Amino acid sequence: MINIITHYGHQLLIGLGWTVLSSVLALFFSLIIGSFFAIMEVVPNKTARIIGRAYVEILRNIPLLVITMFFYLVIPLYFVKINGFTAGTIGLTLYTSAFIAETIRSGIQSVDIGQMEGARSVGMTYWQAMRNIILPQAFKIVIPPLGNQFINLVKNSSVLAFVAGFDLMYQANSIASITFDTINSYFVVGIMYLIVTMPLSYYMRYLEKRVA
Amino acid sequence: MSMIEFHDVQKYYEHFHALIDINLEIDKGETVVLIGPSGSGKSTLVRTINGLERIQAGKLIVNNHDLSSPNTNFDILRRDVGMVFQHFYLYANKTVLENIMLAPRIVLKMPEEQNRTEALKLLDMVGLKEKANNMPSQISGGQQQRVAIARSLAMKPRLLLFDEPTSALDPEMIDDVLQVIKRVTSVSDMTSLIVTHEMGFAKEVANRVIFMDAGQIVEDDQKESFFQQPKTERARKFLSKIITH
């Protein structure tokens, strides 16, 4: 194991860098896209609700690998050429955004309907009530399940390995195939994933306590 | 001048006919109490007045807004039509003071200083100035309801609707809330419609009493004649049950 770290430390750090970069980008954009579709799913407008629902159901029910391969192999055929890292990160973003939308939607719907009625009864518009009253309360409820989604996201970024995304998993495959030391290669990489996910996990716990 | 006009209003929940042929006129400045057994449509009727429930037929005019028209802007209507709910519905994520100040700030664009001064005055009026910085979850039900009343009043409504404001309260909390409502409704230019089961209180504050049963208005009379000699058998029965318990 020490052997792997001393000989391939540089390669592993590069992998870690791509994994973290992909995760941060996917986390940021999936949170924005997910929030957008979550709100689409709860607004009074029926067409918007149907679109929101369709987005979530389609993307969360297709394997991440299939979505990623679609962007890696199909999109370049008809539109623009994108590299493995980009394709993987887009796939990861869209896939995760569907789960985040579901999480946030259930958070919004678990806020007592009376909160909306109270706000509307003093003349606030739907969006004023949403922004000032409903969403802040929903966000609080949603922190723990959102933490789960973020951790899943980091782990799922290993999908990059399938499309030459140079991430940790990719480097593990590569080191294992050079050294034939499969046990230690994957063991080290497993620990490196833990180094990313554990602090995230603790941060979400801290956040949960702080806002509660 | 009338504040509320119902003309042959019908309200359905799916196939359930919740409000049947409602005809009712309430003048500006009146304090009207609405009573009747559970499920008789009292809450539904009150909730149609600020558009929390929509009507399916008939004409409903509130503060010169035609609620039966599809073009009505309910947000503008509700600036002048406040509502106090059975379960208070204070914003759980805002302090007591913020609960009162939020709507004047974002709906009426009231200057911050004036807003704060008026909000504190209202809190003082309901006897809760020292709770200004508490969260709603930190105060009692009766106190929450008094804050909710102050929140409605901050919009300076012309019409204030009370939907069973004391039904969810512990018995010893009820009186404080009723005292506040009494003070609020005695302001002459504000119209109020109060759904309540508190008969003693109804006798005290109302000019006029409306009795509902099974989705219909059964009696609509001045307070004195209603409580002394109700016209219908149904109201007589209701009153005898309420008063004897």
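The values are calculated or read from the model by the stated rules, or taken from the named source; none is laboratory data. Note that the structure is a prediction, hence the values are computed from the model and not measured. Please note: Cβ atoms are built from the backbone with ideal geometry, for glycine as well, and neighbour counts cover all protein chains shown. The area values use the complete protein model at the heavy-atom level, side chains included, leaving out ligands, DNA and RNA. Shrake-Rupley method; radii C 1.70, N 1.55, O 1.52, S 1.80 Å.
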Query raised in the report: How many residues does the range B:34-82 hold that are more than 18 Å from residue B:13 (Cα to Cα), outside any loop (DSSP other than H, G, I, E, B) and within 14 Å of chain A (Cβ to nearest Cβ)?
Result: 10
Report task. Search the range B:83-95 for residues being among the aliphatic types (A, V, I, L, M) and within 15 Å of the chain's Cα centre (by Cα), and hand back the single one that is farthest from the other protein chains (Cβ to nearest Cβ). Result -> B:84
Report task. Inspect the range B:158-171 for any residue being open to solvent by 10 Å² or more (accessible area, probe 1.4 Å), acidic (Asp, Glu) and away from chain A (no Cβ under 14 Å) and give the result as yes or no. Result -> yes
Query raised in the report: Could you say whether any residue in the range B:96-112 is open to solvent by 70 Å² or more (accessible area, probe 1.4 Å) and more than 13 Å from chain A (Cβ to nearest Cβ)?
Result: yes
Report task. Give the range A:123-133 a look and list any residue that's hydrophobic (A, V, I, L, M, F, W, C) and at the interface with chain B (Cβ under 9 Å from one of its Cβ atoms), or say none. Result -> A:124, A:133
Query raised in the report: Within the range A:138-184, which residues are within 14 Å of chain B (Cβ to nearest Cβ) and open to solvent by 30 Å² or more (accessible area, probe 1.4 Å)?
Result: A:139, A:140, A:141
Report task. Report those helices (runs of 4 or more DSSP H) wholly inside the range A:100-212 carrying at least 3 residues which are under 29 Å from residue A:61 (Cβ atoms). Result -> A:135-156, A:168-179, A:182-211
Query raised in the report: Can you tell me which residues in the range B:222-238 are crowded, with 17+ Cβ neighbours inside 10 Å and more than 19 Å from the chain's Cα centre (by Cα)?
Result: B:226, B:227, B:230, B:234, B:235, B:238
Report summary line: Reported set for the range B:115-131 where residues are open to solvent by 10 Å² or more (accessible area, probe 1.4 Å) and more than 20 Å from the chain's Cα centre (by Cα) is B:116, B:117, B:118, B:120, B:121, B:124, B:127, B:129, B:130, B:131
Query - Residue in the range B:1-59 that is farthest from the chain's Cα centre (by Cα), counting only those that are within 21 Å of residue B:186 (Cβ to Cβ) and small (Gly, Ala, Ser) - result: B:2
**Report entry** All positions within the range A:61-99 that are farther than 17 Å from residue A:164 by Cα and modelled with pLDDT under 95
**Finding:** A:77, A:78, A:79, A:80
Query raised in the report: Just wondering, is there one or more residues in the range B:22-33 that are closer than 30 Å to residue A:138 by Cβ and open to solvent by 20 Å² or more (accessible area, probe 1.4 Å)?
Result: no
Query raised in the report: Yes or no: residue B:143 part of a helix (DSSP H, G or I), out of contact with any helix residue (DSSP H, G or I) (no Cβ under 6 Å at 6 or more places or on another chain) and open to solvent by 30 Å² or more (accessible area, probe 1.4 Å)?
Result: yes
Query raised in the report: Restricted to the range A:86-115, and to residues that are facing chain B (nearest Cβ under 9 Å) and surrounded by 19 or more Cβ atoms within 10 Å (Cβ to Cβ), which residue is nearest to residue B:101 (Cα to Cα)?
Result: A:115
Query - Which numbered condition residue B:192 misses (of (1) small (Gly, Ala, Ser); (2) open to solvent by less than 10 Å² (accessible area, probe 1.4 Å); (3) within 14 Å of another protein chain (Cβ to nearest Cβ)) - result: (3)
